[in-house]
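Trainee: Okay, handing you the structure first.
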Amino acid sequence: MVSNRSSVRTAMEESLQIQRLEEAPSARDFESRIESTNVPAVFNGCVKDWKAFSKWNPSNGGLDYLQERVGLCVVEAMLSSSAPVFYGDLRSHERVPLPFSAFIGLCKQRMRHSEDGSGACFESEQRGLLEPVSEYDREPYEDAPQQIYLAQVPIINTENEDRVQLESLREDIQTPVFLEDKVLASTNLWMNNAQARSSTHYDPHHNLLCIVSGCKQVVLWPPSASAILYPMPIYGEASNHSSVPLENPDFSNYPRAQCLMEYSQKVILHAGDALFIPEGWFHQVDSDDLTIAVNFWWRSNIVSNMSEHMDAYYLRIILRRLTDKEMNRVLPKSSLAEMENKKKHTCVVLNNGGVDQNDNDLDQACERKDLKGKELEQRTMSHELEPLAIHALHELVSLVHHRVNAAELRQPVQSTTTTDSAASVKDEFTKVVRANSFSLEDDPVAKIIWALQPCTFRNVFLAMVKNFPRTLEALILHLLSPVGAEVLTCKFEEMDQQITEEDRNRFYQVFYGAFDDQFAAMDAILNGKELFALQVGTQ
């Protein structure tokens, strides 16, 4: 796994490195060299020619200018008790109506406090400094002004013009030349009076973040790092936000998050700079006091050109790719050599140190001989199996019996009926499966199956059908975890590629014939495989 991470980091450093440009590109160059790569880029000083750059600057009378232009407007502000961190989940904040002039008053008060340097408490002195504002006087935000953040206040919104609240500021900003051909979804104001941090999230649109005044630090992760960021459930209202609080992560609940910073890149944006954030890139933004920014959102060509009737097809293709990549991650090929060494050691043990020179090649010999049409009835008795198959068979049978015995020993004495006992044992199996659902290292069944060559795999399960049919049934119906189901079906596919269609049909007829309910066995395998794919898709 260490080498796996290292190779991922190397690839990221080569192809996902954020670049800084001293000059803004043309629209054509931006689309062909930057946007098409889906990699962030910083444009130094690209908005310094805006009117807003000079007129909105708080250090140069900018707050008075803004109050004069839009002070009478009522905007929707984010109020959060978790400040200075503002979480995107609606359960963590509320949207409150706020006169823009009241927010400007909070900013001016913050400046006076900063310039005064007296160390007086901001909250305790604000009551005498903030002038009453009509019916909004004594609103909750006045007791904790640092909990207010003007986040995503629309200046332009082509998708919902009724939401536009600061349209009169439109003439102070200019669409960068490289976005002039884009169909912009919205242009928004972002303004904070005290230090603020956004929760880690991604946007469903391409984003150009422009700093008008102040400074922001942005930490970014590519979409491929989503597994270590634990995104919220896809069906939730905050599905584009990470579950991991980076300021205080709990690695016992989010173990993969321990390597978060290895996959991150950090950029510092000063007044006049702009940052292109492609859709799907996770980012966390830290803002200094009195930072003002404007952002532009537009739909990517990929999303814009995708026909709705193709959505289901592309979703299946993408999910398949994600599943395959996850399998390569949890079952790294580098581990196969170690497993082969263990196999050779097993041969030595089973033969009391007197293993024949040819024993090491039994698997390959089996494939050359058995996969050319040998009848399934052969080599299914345990004494006829090669040492590797015997060892794997013994391990699988022992695992199932151990779990059954352990489950039965934990049952209450008053549990008398066979049905009740079976149900209780099944519950114990379910607990085991749920506890280790998606990790190969914690799943002994998956590890055993994964180490088998196709021929040995087939012989082991045919031997289970003939000698231990009820153990096989317990293994598939109760002990097979999602990663185990994925490994089992991968081995089915490997085996299918090496045998004839006739042998393939005969194998599955014999295999599923061992179950009292063949459809239940098929459902157990397919359901586990789907759970594995679902876990991959929600990471």
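The values are calculated or read from the model by the stated rules, or taken from the named source; none is laboratory data. This is a predicted model, so every value here is computed, not measured. Ideal geometry is used to build each Cβ from the backbone, glycine not excepted, and the neighbour counts take in all protein chains shown. SASA here: full protein model, heavy atoms, side chains in, ligands and nucleic acids out. Shrake-Rupley method; radii C 1.70, N 1.55, O 1.52, S 1.80 Å.
Trainee: Suppose we keep only residues that are farther than 22 Å from Asn467 by Cβ, touching a residue at least 60 places away in the same chain (Cβ under 8 Å) and part of a helix (DSSP H, G or I) within the stretch 478-501. Which one would you say is most open to solvent (accessible area, probe 1.4 Å)?
Mentor: Among those that are farther than 22 Å from Asn467 by Cβ, touching a residue at least 60 places away in the same chain (Cβ under 8 Å) and part of a helix (DSSP H, G or I), it is Cys490.
Trainee: Looking at (1) open to solvent by less than 10 Å² (accessible area, probe 1.4 Å); (2) modelled with pLDDT of 50 or more; (3) assigned to a helix (DSSP H, G or I), which one does Gln126 not meet, given that it meets all the others?
Mentor: It is condition (2) that Gln126 fails.
Trainee: A further question on this structure: Among the residues that make up the stretch 180-191, is at least one of them open to solvent by less than 20 Å² (accessible area, probe 1.4 Å) and either in a loop (DSSP other than H, G, I, E, B) or outside the structural domain of Leu269 (by the TED database) (or both)?
Mentor: Scanning the stretch 180-191, I find no residue that is open to solvent by less than 20 Å² (accessible area, probe 1.4 Å) and either in a loop (DSSP other than H, G, I, E, B) or outside the structural domain of Leu269 (by the TED database) (or both), so the answer is no.
Trainee: Identify all residues within the stretch 44-57 that are within 39 Å of the chain's Cα centre (by Cα) and farther than 18 Å from Glu167 by Cα; write none if there are none.
Mentor: Scanning the stretch 44-57 gives Asn44, Gly45, Cys46, Val47, Lys48, Asp49, Asn57.
Trainee: Going residue by residue through the stretch 502-517, is there one that turns out to be under 35 Å from the mean Cα position of the chain (by Cα) and of a type outside the set (D, E, K, R)?
Mentor: For the stretch 502-517, residues under 35 Å from the mean Cα position of the chain (by Cα) and of a type outside the set (D, E, K, R): absent.
Trainee: Given the conditions (1) within 15 Å of Ile476 (Cα to Cα); (2) in a helix (DSSP H, G or I), report the number of the one that Asp516 does not fulfil.
Mentor: (2)
Trainee: Take the stretch 147-174 and flag every residue that is of a type in the set (Asp, Glu), part of a helix (DSSP H, G or I) and farther than 15 Å from Leu66 by Cα.
Mentor: Glu161, Asp162 - these are the residues of the stretch 147-174 that are of a type in the set (Asp, Glu), part of a helix (DSSP H, G or I) and farther than 15 Å from Leu66 by Cα.
Trainee: Among the candidates Ala463, Ala474, Ala446, single out the residue that is small (Gly, Ala, Ser) and farther than 15 Å from Leu399 by Cα.
Mentor: Ala463
Trainee: Working only within the stretch 240-270, note down all residues that are open to solvent by 40 Å² or more (accessible area, probe 1.4 Å) and in contact with a Lys or Arg (Cβ under 7 Å, 6 or more places away or on another chain).
Mentor: Glu262
Residues are listed down the side, and each one gets a yes or a no for (1) open to solvent by less than 10 Å² (accessible area, probe 1.4 Å); (2) hydroxyl-bearing (Ser, Thr, Tyr); (3) in a strand (DSSP E or B); (4) touching a strand residue (DSSP E or B) at 6+ places or on another chain (Cβ under 7 Å):
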| residue | (1), (2), (3), (4) |
| --- | --- |
| Pro204 | no, no, no, no |
| Gln217 | no, no, yes, yes |
| Leu220 | yes, no, yes, yes |
| Ile234 | no, no, no, no |
| Ala238 | yes, no, no, no |
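Trainee: What residue, among those in the stretch 175-225 that are over 24 Å from the mean Cα position of the chain (by Cα) and among the hydroxyl-bearing types (Ser, Thr, Tyr), is farthest from Pro84 (Cα to Cα)?
Mentor: Once the filter is applied, the top-ranked residue is Thr175.
Trainee: Considering every residue within the stretch 18-32, establish whether at least one is open to solvent by less than 70 Å² (accessible area, probe 1.4 Å), farther than 29 Å from Asn305 by Cβ and touching a residue at least 12 places away in the same chain (Cβ under 8 Å).
Mentor: no
Trainee: Taking only pairs six or more apart or across chains, which ones have beta-carbon atoms under 8 Å, a first residue in the stretch 153-175 that is free of Cβ contacts under 8 Å to residues at least 60 places away in the same chain and open to solvent by 80 Å² or more (accessible area, probe 1.4 Å), and a second residue that is of a type outside the set (S, T, N, Q) and assigned to a loop (DSSP other than H, G, I, E, B)?
Mentor: Hits for this filter: Thr158/Val183.
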